[in-house]
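The values are calculated or read from the model by the stated rules, or taken from the named source; none is laboratory data. The structure displayed is predicted, hence computed values, not measured ones. Glycine gets a Cβ as well: all are built from the backbone with ideal geometry, and neighbour counts include every protein chain shown.
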Amino acid sequence: MKGRPLMESGDCFHCSLADSCLPQGLNMDGRAVLERHVSHEVGRPRHLLCRTGQPYSGIYIIRTGMVKRYRAMQNERRNFREYIVDFPARGELVGLEAMGTGVFQYSAQVLETSSLCFFSKESIDSLFRIMPTKVRDIIRMSSSLYTNAERRNTPRMPEEKVASFLLEIADKRRWAGMSLRRFTLPMKRREIADYLLIATETLSRVLKALQARGVIRIKRKDVEILDPEALEALARQGLPAPAMATGWRYPEPPHPVSPEST
């Protein structure tokens, strides 16, 4: 499914993401300028926001929901498969890399019904002329949430990769104001396995083993973390010292979270 998402009513004045998305010191007049240059849209599951090689048309900021960012690559058998880069969620940018190259380097597909802010190429160019420092601040804050690829690309055991992934998704959900311990995985198991660079069968085996040990409970796409300390200890195994010292990737959420998240 291609094309632009459905339009949604919304504004920058009352957005729950404003405290973390908008630069500090941006007054009401500045927010009004931004509001005139952004469109608020809804992306339905499996909707394609952009495709690799497509001319740059603008960038998205995710307000709610989750997206899959990937590139289709040809293997040694000349079959195409997805190389999944990350799963951007609340507060993250999609399409930023295209600002410098003129074309999208990755495809982006909506995984669950998502609320999106879209800044067209023309709007961004206009905003850079009007308020260049503030626009750079927005891009800097949103891009700082990008996944730390070092954790995924470091040679590690499958159990350690899966534990890190579950904590990463839990942290994304927490930052969106949801429960840290109970959440739904919007992606398919094959997509998770491709992202972690392991076989789908290996992923299933690891999830069953974690459930048997009482670390998690999983039913289809619904996950409950029963022993977060054990899961985090497993996730930290095999990490280089700098990655272990930085903790997990999201800052404190800009709003109160569910009591279940503690």
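With respect to the numbered conditions (1) assigned to a loop (DSSP other than H, G, I, E, B); (2) surrounded by fewer than 21 Cβ atoms within 10 Å (Cβ to Cβ), which one is the sole condition not fulfilled by A89?
Failed condition: (2).
Among the residues of region 128-174 satisfying the criterion of being modelled with pLDDT of 90 or more and more than 20 Å from A89 (Cβ to Cβ), which is surrounded by the fewest Cβ atoms within 10 Å (Cβ to Cβ)?
M157
Return the pair list, or none, for Cβ contacts closer than 6 Å from residues in region 43-57 that are assigned by TED's automatic domain parsing to the domain that holds A72 to residues that are crowded, with 18+ Cβ neighbours inside 10 Å and small (G, A, S), at least 6 apart or on different chains.
Pairs that qualify, where the first residue is assigned by TED's automatic domain parsing to the domain that holds A72 and the partner is crowded, with 18+ Cβ neighbours inside 10 Å and small (G, A, S), are G43/S114; L49/A108; C50/G95; C50/A108; R51/S107; T52/S107; Y56/A98.
For residues that are free of Cβ contacts under 8 Å to residues at least 60 places away in the same chain and in contact with a Cys (Cβ under 9 Å, 6 or more places away or on another chain), tally how many sit in region 60-100.
6
Can we say Q74 is surrounded by fewer than 17 Cβ atoms within 10 Å (Cβ to Cβ) and in contact with a helix residue (DSSP H, G or I) (Cβ under 9 Å, 6 or more places away or on another chain)? Walk me through how you get there before you give the answer.
Working: surrounded by fewer than 17 Cβ atoms within 10 Å (Cβ to Cβ): yes; in contact with a helix residue (DSSP H, G or I) (Cβ under 9 Å, 6 or more places away or on another chain): no.
It is false that Q74 is surrounded by fewer than 17 Cβ atoms within 10 Å (Cβ to Cβ) and in contact with a helix residue (DSSP H, G or I) (Cβ under 9 Å, 6 or more places away or on another chain).
Can you find a residue in region 61-71 that is closer than 26 Å to F183 by Cβ and not in a strand (DSSP E or B)? Give the derivation first.
Taking region 61-71 as the starting set, the residues that turn out to be closer than 26 Å to F183 by Cβ are 61-70.
Narrowing the set further to residues that are not in a strand (DSSP E or B) leaves 65-66.
Yes, region 61-71 has at least one match.
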